[in-house]
Number of protein chains: 2
Amino acid sequence: MSAENKASGQAQLAIMMHPDDNVAVIVSDGGLPAGTLVRDGLKLVEHVPQSHKVALVDLKKGDAVRRYNVTIGYALEDIVAGRWVNETLLAMPDALGLDDVPLATIKAPKLEPLEGYTFQGYRNADGSVGTRNILAITSTVQCVSGVVDFAVKRIKEELLPRFPNVDDVVALEHTYGCGVAIEAPSAPIPIRTVRNISRNPNFGNEVMVVSLGCEKLQPSRLLPAGSIMLKNEAEPDVVFLQDEKHVGFMSMIESILSMAEKHLERLNARRRETCPASALVVGMQCGGSDAFSGITANPAVGYAADLLVRAGATVMFSENTEVRDGADQLTSRAATPEVAAAIVRELAWYDDYLEAGSVDRSANTTPGNKKGGLSNIVEKAMGSIVKSGSSAIVGVLSPGEYLRDKGLTQGLIYAATPASDFICGTLQLAAGMNLHIFTTGRGTPYGLAECPVIKVATRSDLARRWHDLMDVNAGRIADGELTIEQLGWEIFQLMLDVASGRKTWAEHWKLYNALTLFNPAPVT
Amino acid sequence: MSAENKASGQAQLAIMMHPDDNVAVIVSDGGLPAGTLVRDGLKLVEHVPQSHKVALVDLKKGDAVRRYNVTIGYALEDIVAGRWVNETLLAMPDALGLDDVPLATIKAPKLEPLEGYTFQGYRNADGSVGTRNILAITSTVQCVSGVVDFAVKRIKEELLPRFPNVDDVVALEHTYGCGVAIEAPSAPIPIRTVRNISRNPNFGNEVMVVSLGCEKLQPSRLLPAGSIMLKNEAEPDVVFLQDEKHVGFMSMIESILSMAEKHLERLNARRRETCPASALVVGMQCGGSDAFSGITANPAVGYAADLLVRAGATVMFSENTEVRDGADQLTSRAATPEVAAAIVRELAWYDDYLEAGSVDRSANTTPGNKKGGLSNIVEKAMGSIVKSGSSAIVGVLSPGEYLRDKGLTQGLIYAATPASDFICGTLQLAAGMNLHIFTTGRGTPYGLAECPVIKVATRSDLARRWHDLMDVNAGRIADGELTIEQLGWEIFQLMLDVASGRKTWAEHWKLYNALTLFNPAPVT
């Protein structure tokens, strides 16, 4: 990031990310008209919209266009300085080969340990810490969802008021469980995802399951003996709707309520305790990105990621298609060659998965990304990776895996997931996330019932309009009000507050999205 | 079906489906113990559970085991008469080749037209007829689901009481719309599914959409001009959450409420009118099947299917993996060689889809099917196909297609879908289904918010225990109380009643499952 992007007390008109870049991004609301002098000697030759790129020098057809000191494309025609450089003027570079990426070549800067930061969390017997105290009801199959919804409504109305220390009751519903090829090679991904979500720290190891009875995803397959640590029992509690003891619909509801009550009693006995910041497991994600994502929100979140790592916490970043074009940046930052090899393995697997569907990583970008100034997936990826901060990558998770199963309880982790907001969030929940940071440029009302989501707006305009949906305004960086470092610290402090119980806007309105499983296997 | 399966006033102990079969299915609750004389000269040599098969003759290793006059497997060892024939004793036959199936070789029996049957429905301008009067809110992307849920709750509380002729307000939510490869070769399937569901007859051509703004599935791609017939406008009404006019979360909610109110006013002016039974578009499905499915419920539903066809209605049956082993039965019954070729095309496409995921049609059967006496997918398929009745197959739909777009407004249709209950139901909704029949042996509380679902139990035991979830007890056939024909007429009459507004048990309890899209394309 160039020295220009420091808190100046006044907004810049255009921001460049690196001194060697030959484009900069227009900052001003509404863009800037032709004739505007955006820097010494650089006048716009046409209107350039906010968050879009202007050429800083004359470019010849075929010249590399550079942002973040990376080639994001090649000029499809001559482009004079001051012209709007959008996706129609750029040829996308080929995907980076994965065979010869540098493995663990960069010694990440030694980060100073950060001591003394704490939050108020719920300690679990397995060593994890919850930021919320939630009764989760795991379901094996979509068949039971209508019944579980009915039961959850009754639990909230009739039982929850008696258990004031419990924050919420959440049905873990999904469309998996039957009508799927459960023996297919990639079926373990959705199965372990459902399993590991039920183990999320926010549910206090209180696993209860509603099963139909005849489905493919039997409770014994979902939660085999020994796969979970339970608080008070040898086995998870399971209600089978097809159990012969159930006569009449209400008997099913009573079974679920009666089991829920026992779990609520135990959950209600839990209290928040002072826990070190190292107990945080933070999932980073961006969605509805624009060109500001890589200038304001993601760098600030990246700074906060470094603070978390310094405090001994676990930080995950994800989104295969949004790191693919910076694969070399990830593999070189890996702590060991083994970690680098695992990154390559995950990204190569995803390349193959996309190719089997006759697409590639360029399928990622959206109309909104392009309107927001992101010309292609290369430019988008550079802005996305920034949110991982600068520390070494110490571990890699395959989709649906649980961090603690791999002994990962500290440092920066690459959790390999699709970039879909809902699939990524679902897989980060399965990994054991207890706090979620979500940056957005175009704006999305994203939220999860299972875990608090702090939403960071990349632009002040969005933060103003969505003042009761966005938790943080990173546009203040572009406005010259704050440095990246200042906002990074602000986000870090907010994370500790939210982890301690402060509600996010998504929680205030109860705006929650569906769990969305990643199932690369066929349905039947 | 053998002559034994007629209303006899008393239950049979074992039922055979065809005189040439060498196994029969035990009918009695709880099964029958060793020593029971189930037919003249046939004594059980071991306990055989209810709905499981008993060998009627001595079988040698390698002999064909026949049920429905079809080879459902080959004996893996010698099997004496009276022994329990379960999946462990059977080798599954290879899949039927699709290259040399008979094309339109059977002239289906000319069915006598059935005149004078009517129901009270809601006529639509496009010629379709609704069985319910529902405000549906289409969403382009999962991002908006939390907001739409919030709005629907407000609409139900604040607006719906003023519009007593409107039955319900339903959010058409899904996990598609962004983070998906929207240009992939098979992406049209999920896209047209969402589009065509919004055109379902139960929604009165009143399409309103909530869009985020930056998503891949833009409203203009979901509902291109001319793709839908609207009642009072040139274009569908769309609320864009990212629209700059929205300042604060409540302004989004107000936009949705205000648009919903206009649609509710028009929907509220609709009245039920007498419509011929030919306006019914009935989707047939089975789920949680057992060996009784093919003896009781599915044959009765098949008889009702013939009544519907005779009355000029449209009947769909589906579930690729559950007809695959009877492909020849379908192609031979096709009305024309073109229809037969379309069936082959759909089943071959599905073979390829499964193979790409390293599985085949045998991935279909569930633990519950096997417990319920269905040894493999061949046996399951024979029982599944029965629900299509005996009429000629006059048309074929690809997944997500709308019947009326292909000029299909009458007769028996093969709607090619996966067998997953939720995906099949979702695709039948997209096809234009206004009434759903669902048979189940193991029991499932399946329901759809978009369309009434009549649930038929295959066994009296299930119907007794689930007395307030099952709408019809087809077990009375096995009990000797009713013939297939009598129950077929009962189901036909019930369909007319439910189509006229009589509530199903799923509607009574509001037990509704999620829309589940079939997306064979990658996520990104």
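The values are calculated or read from the model by the stated rules, or taken from the named source; none is laboratory data. For clarity, every value in this text was computed on a predicted model and none was experimentally measured. Quick reminder, even Gly has a Cβ in these numbers, built from the backbone with ideal geometry, and neighbours come from all protein chains shown.
Listed by position, the strands (runs of 3 or more DSSP E) inside the range A:272-329 whose residues that are without any contact (Cβ under 8 Å) to a residue 24 or more places away in the chain number at least 3 form an empty set.
Please tell me if A:Phe422 is crowded, with 22+ Cβ neighbours inside 10 Å, under 11 Å from the mean Cα position of the chain (by Cα) and not aliphatic (A, V, I, L, M). For A:Phe422, the condition - crowded, with 22+ Cβ neighbours inside 10 Å, under 11 Å from the mean Cα position of the chain (by Cα) and not aliphatic (A, V, I, L, M) - is met. Condition test on B:Asp471, is it in contact (Cβ under 8 Å) with a residue 60 or more places away in the chain and among the charged types (D, E, K, R)? The answer is no for B:Asp471. Could you tell me whether A:Ser384 is surrounded by 21 or more Cβ atoms within 10 Å (Cβ to Cβ), of a type in the set (S, T, N, Q), touching an Asp or Glu at 6+ places or on another chain (Cβ under 6 Å) and touching a residue at least 24 places away in the same chain (Cβ under 8 Å)? In short, yes. Quick check on the range A:175-188. Is at least one of its residues under 20 Å from A:Gly425 (Cβ atoms) and in contact with a Phe, Trp or Tyr (Cβ under 8 Å, 6 or more places away or on another chain)? Yes: the range A:175-188 contains one or more residues that are under 20 Å from A:Gly425 (Cβ atoms) and in contact with a Phe, Trp or Tyr (Cβ under 8 Å, 6 or more places away or on another chain).
State the number of residues belonging to the range B:202-230 that are hydroxyl-bearing (Ser, Thr, Tyr) and either within 14 Å of chain A (Cβ to nearest Cβ) or crowded, with 21+ Cβ neighbours inside 10 Å (or both).
Counting residues in the range B:202-230 that are hydroxyl-bearing (Ser, Thr, Tyr) and either within 14 Å of chain A (Cβ to nearest Cβ) or crowded, with 21+ Cβ neighbours inside 10 Å (or both) gives 2.
Can you tell me which residue is farthest from the other protein chains (Cβ to nearest Cβ) among those in the range A:167-201 that are of a type in the set (S, T, N, Q) and under 21 Å from A:Gly146 (Cβ atoms)?
The initial filter retains those residues of the range A:167-201 that are of a type in the set (S, T, N, Q), namely A:175, A:186, A:193, A:196, A:198, A:200.
Remaining after also requiring under 21 Å from A:Gly146 (Cβ atoms): A:175, A:198.
Numbers: A:Thr175: 4, A:Ser198: 19 Å.
For the range A:167-201, the residue satisfying everything is A:Ser198.
Residue-by-condition table, conditions (1) more than 8 Å from every other protein chain (Cβ to nearest Cβ); (2) farther than 25 Å from B:Ala431 by Cβ; (3) surrounded by fewer than 23 Cβ atoms within 10 Å (Cβ to Cβ):
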site: B:Leu448; (1), (2), (3): yes, no, no
site: B:Trp489; (1), (2), (3): yes, yes, yes
site: B:Ala514; (1), (2), (3): no, no, yes
site: B:Leu517; (1), (2), (3): yes, no, no
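Scanning the range A:237-247 for residues that are part of a loop (DSSP other than H, G, I, E, B) and within 18 Å of A:Asp149 (Cβ to Cβ) returns A:Leu241, A:His246. When we screen B:Ala342, B:Ala334, B:Ala348 for residues that are in contact with a strand residue (DSSP E or B) (Cβ under 7 Å, 6 or more places away or on another chain), modelled with pLDDT of 95 or more and over 22 Å from B:Asn298 (Cβ atoms), the only hit is B:Ala342.
Among the conditions (1) in a strand (DSSP E or B); (2) in contact (Cβ under 8 Å) with a residue 40 or more places away in the chain, B:Phe150 misses just one, which is (1).
Of the residues B:Val209, B:Val180, B:Val170, only one is in contact with a helix residue (DSSP H, G or I) (Cβ under 7 Å, 6 or more places away or on another chain) and in the same structural domain as B:Cys143 (by TED's automatic domain parsing); which?
Working: B:Val180 fails: in contact with a helix residue (DSSP H, G or I) (Cβ under 7 Å, 6 or more places away or on another chain); B:Val170 fails: in contact with a helix residue (DSSP H, G or I) (Cβ under 7 Å, 6 or more places away or on another chain).
Residue meeting the stated conditions: B:Val209.
Of all residues in the range B:452-461, exactly one satisfies the criterion of being within 12 Å of another protein chain (Cβ to nearest Cβ) and surrounded by fewer than 24 Cβ atoms within 10 Å (Cβ to Cβ), namely B:Asp461.
Does B:Ala335 meet the test of being of a type in the set (A, V, I, L, M), surrounded by fewer than 22 Cβ atoms within 10 Å (Cβ to Cβ) and within 14 Å of chain A (Cβ to nearest Cβ)?
In short, no.
Of the numbered criteria (1) at pLDDT 95 or above; (2) part of a loop (DSSP other than H, G, I, E, B); (3) out of contact with any helix residue (DSSP H, G or I) (no Cβ under 7 Å at 6 or more places or on another chain), the one A:Val498 fails is (2).
Of all residues in the range A:146-153, one or more are buried (at least 17 other Cβ atoms within 10 Å of the Cβ) and small (Gly, Ala, Ser). Counting only strands (runs of 3 or more DSSP E) that fall entirely inside the range A:1-115 and contain at least 1 residues that are over 26 Å from A:Tyr303 (Cβ atoms), the qualifying elements are A:37-39, A:53-55, A:64-67, A:70-75. Counted as qualifying within the range A:355-445 are the helices (runs of 4 or more DSSP H) with 1 or more residues that are more than 14 Å from chain B (Cβ to nearest Cβ) and either at pLDDT 95 or above or closer than 26 Å to A:Ala506 by Cα (or both), namely A:377-385, A:421-431. The residues listed here are B:Ala75, B:Ala55, B:Ala64; of these, the one that is at pLDDT 95 or above, in contact with an Asp or Glu (Cβ under 7 Å, 6 or more places away or on another chain) and surrounded by 13 or more Cβ atoms within 10 Å (Cβ to Cβ) is B:Ala75.
In this structure, A:Ser139 does not satisfy being modelled with pLDDT under 95, farther than 30 Å from A:Ala342 by Cβ and either surrounded by 15 or more Cβ atoms within 10 Å (Cβ to Cβ) or touching a helix residue (DSSP H, G or I) at 6+ places or on another chain (Cβ under 8 Å) (or both).
Among residues of the range A:428-444 that are on the phi > 0 side of the Ramachandran plot and of a type outside the set (Phe, Trp, Tyr), those with a beta-carbon under 6 Å from a residue that is surrounded by fewer than 24 Cβ atoms within 10 Å (Cβ to Cβ) and part of a loop (DSSP other than H, G, I, E, B) at least six positions away or on a different chain give the pairs A:Gly432/A:Tyr402; A:Gly443/B:Gln242. The residue that is farthest from the chain's Cα centre (by Cα), among those in the range A:149-166 that are farther than 21 Å from A:Gly447 by Cβ and within 14 Å of chain B (Cβ to nearest Cβ), is A:Arg154.
Considering every residue within the range B:341-363, establish whether at least one is within 22 Å of B:Leu89 (Cβ to Cβ), in contact with a helix residue (DSSP H, G or I) (Cβ under 9 Å, 6 or more places away or on another chain), touching a residue at least 12 places away in the same chain (Cβ under 8 Å) and buried (at least 21 other Cβ atoms within 10 Å of the Cβ). Within the range B:341-363, one or more residues are within 22 Å of B:Leu89 (Cβ to Cβ), in contact with a helix residue (DSSP H, G or I) (Cβ under 9 Å, 6 or more places away or on another chain), touching a residue at least 12 places away in the same chain (Cβ under 8 Å) and buried (at least 21 other Cβ atoms within 10 Å of the Cβ).
For every residue, the table says whether it meets (1) of a type in the set (Val, Ile, Thr); (2) touching a Phe, Trp or Tyr at 6+ places or on another chain (Cβ under 8 Å).
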residue	(1), (2)
B:Ser362	no, no
B:Asn369	no, no
B:Met382	no, yes
B:Ile385	yes, yes
B:Ser390	no, no
B:Leu397	no, yes
B:Tyr402	no, no
B:Asp405	no, no
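Scan the range A:37-52 residue by residue and report those that are surrounded by fewer than 19 Cβ atoms within 10 Å (Cβ to Cβ) and in contact (Cβ under 8 Å) with a residue 12 or more places away in the chain. So that I can check it myself, show each step before the final result.
Of the residues in the range A:37-52, the ones surrounded by fewer than 19 Cβ atoms within 10 Å (Cβ to Cβ) are A:37, A:39-43, A:45-47, A:49.
Within the range A:37-52, A:Arg39, A:Leu42, A:Lys43, A:Val45, A:Glu46, A:His47, A:Pro49 qualify.
A:Leu160 fulfils the conditions (1) out of contact with any strand residue (DSSP E or B) (no Cβ under 9 Å at 6 or more places or on another chain); (2) within 25 Å of A:Lys503 (Cβ to Cβ) except for a single criterion, (1).
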